[in-house]
Amino acid sequence: MLITSFTLARKDEKLLSGVTWQRLVVDEAQNMKNPKAAQTKAILKLPAQHRLALTGTPIENRLLDLWSIFNFLNPGYLGKESQFRQSFEIPIQKNNDAVRATTLKKLVEPFILRRVKTDPAIIQDLPDKVEQKLFCNLTKEQASLYEAVVKDIEKQLESAEGIQRRGLILSTLLRLKQICNHPRQFLQDGSDFTPERSHKLERLSEMVQEAINEGESLLIFTQFTEIGEALEKYVKHTLHYSTYYLHGGTDRQKRETMITEFQDPETEPSVFILSLKAGGVGITLTKANHVFHFDRWWNPAVEDQATDRAFRIGQKKNVFVHKFVAIGTLEERIDQMIEDKKKLAGSIVGSDEAWLTELDNEAFKKLIALNRTAVLD
């Protein structure tokens, strides 16, 4: 038996290809979602009599992810990539074609053994997961910044085309998300990171104190390092709670030390702040039973994977998942769009922000427009 990683499988391609393996098992198979990636191509070349793919997110970004996994398991079963796009991906994702979705489900079902943690026949002692949206208003400062960005983009959008337009939309989404988090993040001016300037931070602060007072630990996920750093200082020095912060730059030894300390039942209730990408997979943090998504990745599969750092085997308490949404902004509208896309993914067995660049100008303007009635004094 040989255990290796995706990176080493690519580097050792010639060596591994020289053996006909009895069984080839790929864990976290969503890492093969890009059929053009070098590591995907390397794994496809490995000869094996039996192939298994293990993943909790067979559709992470788009339906092509599923095709790529099946191309590893049973090449040609779902046709060529271009055929799959025309027959299934485009009709299902763009046109919500229920007939094509049902057909695809019937095709893949015989090859999928699906197990969900909520099934008591699989894990009898796993507690419940309770999800809630935390709807927060913008402050006047946030609203004025938000409107200024919207006004600026509306002018630029008229003359932008192609890749320039895509870049413009993605940069606008980023700026508006920063404003919805906290004015300081958008302004990049080192000003005060206070709850008076952001109702998100105000509500988070209240709920952190409530959880710690109950003797419970919690995780806070953000996709922005500047927010992670600001939250760490705020929770540690203003709220005075034991705090850990894991991000992409954290070395392995420090990472392991933090996880061990946090998980120790003898240590006091703590707050673990994590970068969504660095801390969203591969670690167990079951001491926490509250999970906060301070800002939204807008990919339900990625968010669910992050939540599963706490909601996994070993968890003894009910897990409460809190997702912040700024009312009257693009966050509220995209949240609803995500719920619709979640239903689509579930009907087959996900989504980064690229799909938003396909909206026409009028649809995008409606998406980002600020509803002034949602702004609090």
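Here's a check for you: in region 22-40, which residue that is assigned to a helix (DSSP H, G or I) and in contact with a Lys or Arg (Cβ under 6 Å, 6 or more places away or on another chain) is surrounded by the most Cβ atoms within 10 Å (Cβ to Cβ)?
Checking each candidate, the answer is Q39.
Which condition number does F111 fail, the rest of (1) farther than 30 Å from M207 by Cβ; (2) among the hydrophobic types (A, V, I, L, M, F, W, C); (3) modelled with pLDDT of 90 or more being met?
Just one mismatch for F111, condition (3).
Quick grid of which residues meet (1) modelled with pLDDT of 90 or more; (2) touching a helix residue (DSSP H, G or I) at 6+ places or on another chain (Cβ under 8 Å); (3) surrounded by fewer than 20 Cβ atoms within 10 Å (Cβ to Cβ):
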| site | (1), (2), (3) |
| --- | --- |
| T20 | yes, no, yes |
| L44 | yes, yes, yes |
| I59 | no, yes, no |
| S68 | yes, yes, no |
| N74 | yes, yes, yes |
| I92 | no, yes, no |
| N96 | no, yes, yes |
| V99 | no, no, yes |
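Return the pairs, sorted by first residue and then second, in which the second residue is in a strand (DSSP E or B) and of a type outside the set (G, A, S), the first residue lies in region 223-248 and is farther than 20 Å from G280 by Cβ and in the same structural domain as Q263 (by TED's automatic domain parsing), the beta carbons are less than 8 Å apart, and the residues are 6+ apart or on different chains.
Note: pairs meeting the criteria are K236/T243; Y241/V271; S242/V271.
What single numbered condition from (1) modelled with pLDDT under 95; (2) within 25 Å of the chain's Cα centre (by Cα); (3) not hydrophobic (A, V, I, L, M, F, W, C) fails to hold for G190?
It is condition (2) that G190 fails.
When region 27-69 is examined, which residues are found to be within 16 Å of the chain's Cα centre (by Cα), closer than 22 Å to E13 by Cα and charged (D, E, K, R)?
Listed by number, the residues that qualify are E28, K33.
Out of (1) over 24 Å from the mean Cα position of the chain (by Cα); (2) surrounded by fewer than 15 Cβ atoms within 10 Å (Cβ to Cβ); (3) part of a helix (DSSP H, G or I), what's the single condition that is false for F84?
Of the numbered conditions (1) over 24 Å from the mean Cα position of the chain (by Cα); (2) surrounded by fewer than 15 Cβ atoms within 10 Å (Cβ to Cβ); (3) part of a helix (DSSP H, G or I), the odd one out for F84 is (2).
Quick one: which residue in R203, R175, R166, R184 is in the same structural domain as W298 (by TED's automatic domain parsing), farther than 26 Å from A301 by Cβ and of a type outside the set (S, T, N, Q)?
The conditions single out R184.
I'd like to verify a number: residues in region 304-322 that are in contact with a Leu (Cβ under 8 Å, 6 or more places away or on another chain) and acidic (D, E), how many?
Looking only at that region, the number is 0.
Hey, any hits in region 323-345 for a residue that's part of a loop (DSSP other than H, G, I, E, B), crowded, with 19+ Cβ neighbours inside 10 Å and at pLDDT below 85?
Checked against the condition, which is being part of a loop (DSSP other than H, G, I, E, B), crowded, with 19+ Cβ neighbours inside 10 Å and at pLDDT below 85, region 323-345 yields no hits at all.
If F135 satisfies every condition in (1) modelled with pLDDT of 80 or more; (2) surrounded by 11 or more Cβ atoms within 10 Å (Cβ to Cβ); (3) under 20 Å from T55 (Cβ atoms) but one, which is the exception?
Status for F135: all satisfied but (3).
Could you tell me which of the residues A160, A148 is among the aliphatic types (A, V, I, L, M), in the same structural domain as L359 (by TED's automatic domain parsing), assigned to a loop (DSSP other than H, G, I, E, B) and more than 18 Å from F324 (Cβ to Cβ)?
A160
The values are calculated or read from the model by the stated rules, or taken from the named source; none is laboratory data. Here the structure is a predicted model, which is why all the values come from computation and not from measurement. Note that each Cβ is placed from the backbone with ideal geometry, even for glycine, and that neighbours are counted across all protein chains shown.
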